[in-house]
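Worksheet: one structure, shown below.
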Amino acid sequence: MFANALKSISATNISANYTVSSTLTATAGPWKIYPAKNKKTGKECSAFVFDRKSLDAHRSGLSRAEAAEFKRAADAVVERLKKEASAIAKLRHPSILEVVEPVEETRGGGLQFIAEAVTASLSGLLQEKDDQERGGGVGGRASRYVTEDADGNRRRRELEIDELEIQKGLLQVSKALEFMHDNAGLVHGNLTPDAILINAKAGPSRSDWKLSGLAFCSPLESSTAQSSIQPINLREVLRHNPNLPRTVQLNIDYTSPDFVLDNNLTASADMFSLGLLIISLYNSPHKSPLSCSGSLSSYQRVFQSSQSVPSSSNNFLSSRPLPKELTNHVLPRLITRRPAQRMTASEFQQSEFFNNILVSTIRFLDAFPAKTPNEKSQFLRGLMKVLPSFPKSVMEKKLLPALLDELKDKELISLILHNVFKIIELLPSGRRAFGSKVRPSLKEIFVTNVKQAQEKDPARDAGLMVVIEQLPIIGDNCAGKEFKDDILPIVFNALESPTPSLVDAALRSLPSVLPQLDFSTIKNELFPVIATIFSRTNSLAIKVRGLQAFVTLCGGSNDPGGEDGLDGLAPQKKKATSSSALDKFTMQEKIVPLIKAIKTKEPAVMMAALNVLRVVGGVADADFVALEILPVLWSMSLGPLLDLKQFQAFMELIKSLSSRVEEEQT
């Protein structure tokens, strides 16, 4: 089918400027949708193709008079579809499908246009859901659940229809209807699942529902606005033609009685259709509660009995339970015979159906750029508290991309990262989400974009502090080469920062860092940086923290019960694995000389050095202990600022190491 369609395309703007894949993405009514790419910009989009031959297949066996009538009807269909593509292009709204290349006629009498990239139609998703629920469709699953872009790259389509997706999507559709009714003065006229497409954007706009299917749109009878869109003839479009495919005709299963019974083109007719559409999202199978097979007489019979009309008394003819917010507050004001009693699109957006924390969060993120800094900060602080109540798929596929997209606002980096790491902690698939989404963002902010000049940047430093504090979570979700290539440079930036609190935090993080690194990296890359910091610092706190880092690097443990002499600085509690420890040569020839060079006699530094020498003394050669370590210990033990307990700690180690030397020498 597509090959035939391609053959019918002459040299046009679309064929000249776009590469179109032959793999079908989706079907929306009469339109076949294929992945496309702009040859110049590389931007991905979608090609909407209508093949005239899909109509001609129904003309066989007709008499000459019937064939002439069929041709007139088919020509009318093409004109209507051309009108649809033109109407979509004229209506500019975030929730209406964006056309990027206007409609063109093809050589075979068909039509084509280019729009923003879409991944599915709502009707296609509902059909997939029906297939899954029936347990069927396994054989054809790959073709439906795997998409292919214009370059032929295949990937699994990750779209679902959960409660939040429904609420967010209906909100967007209602905004598009509000724009059509109030600004453009139009009635949509054929609001069905075929008229809604799901786009392929990432971030807060991921999986947006876009309104399309405007073949039967018409100026409102009450509208005073000038419109270039031709009005429809209701009697004509309601007449079902058995010789034409249903996809090109008005679907009366979703049509309002305003059209069929009253012959009125009103905005409230779309709201009745919206009510039927909502029921189809919960129904099983996912279809309208009205089933008339294109017959006007069947439709009229439905409204002759209250039992056959969807209402509160019959669960709106849904085979499955509907959310109580819908049955109590929304559907009774959409599916009602009197147009004046129906909600407007604006009132629908303010209904109780959208009054919950999940939808409020998504709505806020959609409008995030327009919010004030104070509003953004308050939102991000509150988000931390409610994250555990979110569905896991919502956190991974909607919240996480949206939050990472806002990291460009450096004043919000720390608040956003707190939420990002909370999400990673809550996700069962945290490792996958961290690797594909979070790690590249962290690298870009804290490695790629860092200025060479080490000037203070409080906002970036606050974000960097969050990353350092969350290294245990990072370590659980990232290891090996990825950690060394992308995370270790961030740790180095913190260690070399002019901000003392960052250096301190980075030194304290070693027990989480060392298990992710190989011996060579620890010895040749990490240790020299820490040794340099230790030698150059004039800060008592950093000096002590550096000595504690040496203990960790040597495979020892800083006693959780011990005092480091610095209020508020908790010692390390996590012991490094022996495989992470430095070798004996490095301890003797690199670390001990650094301790010998200490000039201060501050007790906090002396006691921290004692802990290092205790670990090194346990593995060093006996003669090195006697000639290098014991003299240092004696010198420090006589420091004038030590108290009795501290002096006794030195003497205890001196005696212990002396006994070891004596035993080995004996």
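The values are calculated or read from the model by the stated rules, or taken from the named source; none is laboratory data. All values derive from a computational prediction rather than experimental measurement. Positions of Cβ are generated from backbone atoms using ideal geometry, with glycine treated the same way; all protein chains shown enter the neighbour counts. Remember, those area values only see protein heavy atoms, side chains included, never the ligands or the DNA or RNA. Shrake-Rupley method; radii C 1.70, N 1.55, O 1.52, S 1.80 Å.
In the stretch 535-549, the residue that is modelled with the lowest pLDDT out of those that are closer than 13 Å to GLU496 by Cβ and surrounded by 14 or more Cβ atoms within 10 Å (Cβ to Cβ) is THR537.
The residue pairs whose first member lies in the stretch 256-281 and is within 17 Å of LEU322 (Cβ to Cβ), whose second member is acidic (Asp, Glu) and open to solvent by 10 Å² or more (accessible area, probe 1.4 Å), and whose beta carbons are closer than 8 Å, counting only pairs six or more residues apart or on different chains, are LEU276/ASP253. Within the stretch 50-71, residues that are under 18 Å from VAL248 (Cβ atoms) and assigned by the TED database to the domain that holds LEU111 have Cβ atoms under 7 Å from residues that are modelled with pLDDT of 80 or more and assigned to a helix (DSSP H, G or I) in these pairs: PHE50/LEU81; ARG52/VAL78; LEU55/ALA74; LEU55/VAL77; ARG59/ALA67; ARG59/PHE70; LEU62/PHE70, counting only partners at least 6 apart in sequence or on another chain.
Results for (1) of a type in the set (A, V, I, L, M, F, W, C); (2) at pLDDT 90 or above; (3) in the same structural domain as ILE88 (by the TED database), shown as yes or no for each residue.
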site	(1), (2), (3)
PRO102	no, yes, yes
GLY108	no, no, yes
GLN112	no, yes, yes
GLU116	no, yes, yes
GLN127	no, yes, no
GLN132	no, no, no
GLY136	no, no, no
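Among the residues of the stretch 526-541, those identified as in a helix (DSSP H, G or I) and among the polar types (S, T, N, Q) are THR532, SER535. Please count how many residues of the stretch 550-570 are modelled with pLDDT under 90 and closer than 23 Å to GLY639 by Cα. Count: 8. With the condition kept exactly as written, say whether any residue in the stretch 312-321 is of a type in the set (Gly, Ala, Ser), modelled with pLDDT under 90, over 29 Å from the mean Cα position of the chain (by Cα) and over 29 Å from SER222 (Cβ atoms). Among the residues of the stretch 312-321, not one is of a type in the set (Gly, Ala, Ser), modelled with pLDDT under 90, over 29 Å from the mean Cα position of the chain (by Cα) and over 29 Å from SER222 (Cβ atoms), which makes the answer no.
Yes or no, residue by residue, for (1) open to solvent by 10 Å² or more (accessible area, probe 1.4 Å); (2) modelled with pLDDT of 90 or more:
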site: VAL187; (1), (2): no, yes
site: LEU191; (1), (2): no, yes
site: ASN199; (1), (2): no, no
site: ALA202; (1), (2): yes, no
site: GLY213; (1), (2): yes, yes
site: PRO219; (1), (2): yes, yes
site: SER223; (1), (2): yes, no
site: ILE229; (1), (2): yes, no
site: ILE252; (1), (2): no, yes
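Just one of the numbered conditions (1) in contact with a His (Cβ under 8 Å, 6 or more places away or on another chain); (2) closer than 30 Å to LEU277 by Cα is not true of LEU380: (2).
The set of residues in the stretch 269-310 being open to solvent by 20 Å² or more (accessible area, probe 1.4 Å) and assigned to a helix (DSSP H, G or I) consists of TYR282, LEU296, SER297, SER298, GLN300, ARG301, VAL302, SER306, GLN307, SER308.
Within the stretch 571-589, take every residue that is in contact with a Lys or Arg (Cβ under 9 Å, 6 or more places away or on another chain) and at pLDDT 80 or above and give me the one that is farthest from MET607 (Cα to Cα). Ranking the qualifying residues of the stretch 571-589, first place goes to ASP583.
Within the stretch 230-261, the residues that satisfy the criterion of being over 42 Å from the mean Cα position of the chain (by Cα), within 30 Å of SER60 (Cβ to Cβ) and not in a helix (DSSP H, G or I) are ASN233, ARG239, HIS240, ASN241, PRO242, ASN243. On inspection, THR521 fails the criterion of being among the hydroxyl-bearing types (Ser, Thr, Tyr), over 23 Å from LEU417 (Cα atoms) and without any contact (Cβ under 8 Å) to a residue 12 or more places away in the chain. So for the stretch 380-402 (the condition being of a type in the set (Phe, Trp, Tyr), surrounded by fewer than 21 Cβ atoms within 10 Å (Cβ to Cβ) and under 21 Å from GLU163 (Cβ atoms)), does at least one residue qualify? Yes, some residue in the stretch 380-402 is of a type in the set (Phe, Trp, Tyr), surrounded by fewer than 21 Cβ atoms within 10 Å (Cβ to Cβ) and under 21 Å from GLU163 (Cβ atoms). Close contacts from the stretch 607-627, counting a first residue that is over 16 Å from LYS596 (Cα atoms) and a second that is of a type in the set (Ser, Thr, Tyr), with Cβ to Cβ under 7 Å and a gap of 6+ residues or different chains, come to none at all. Within the stretch 79-118, if we keep just the residues that are of a type in the set (Ser, Thr, Tyr) and under 23 Å from SER54 (Cα atoms), the residue that is least open to solvent (accessible area, probe 1.4 Å) turns out to be THR106. When restricted to residues that are of a type in the set (A, V, I, L, M, F, W, C), modelled with pLDDT under 85 and more than 15 Å from the chain's Cα centre (by Cα), the stretch 360-378 contains 1. Just one of the listed residues (SER311, SER346) is more than 23 Å from PHE179 (Cα to Cα), out of contact with any strand residue (DSSP E or B) (no Cβ under 9 Å at 6 or more places or on another chain), in contact (Cβ under 8 Å) with a residue 24 or more places away in the chain and of a type in the set (Gly, Ala, Ser), and it is SER311.
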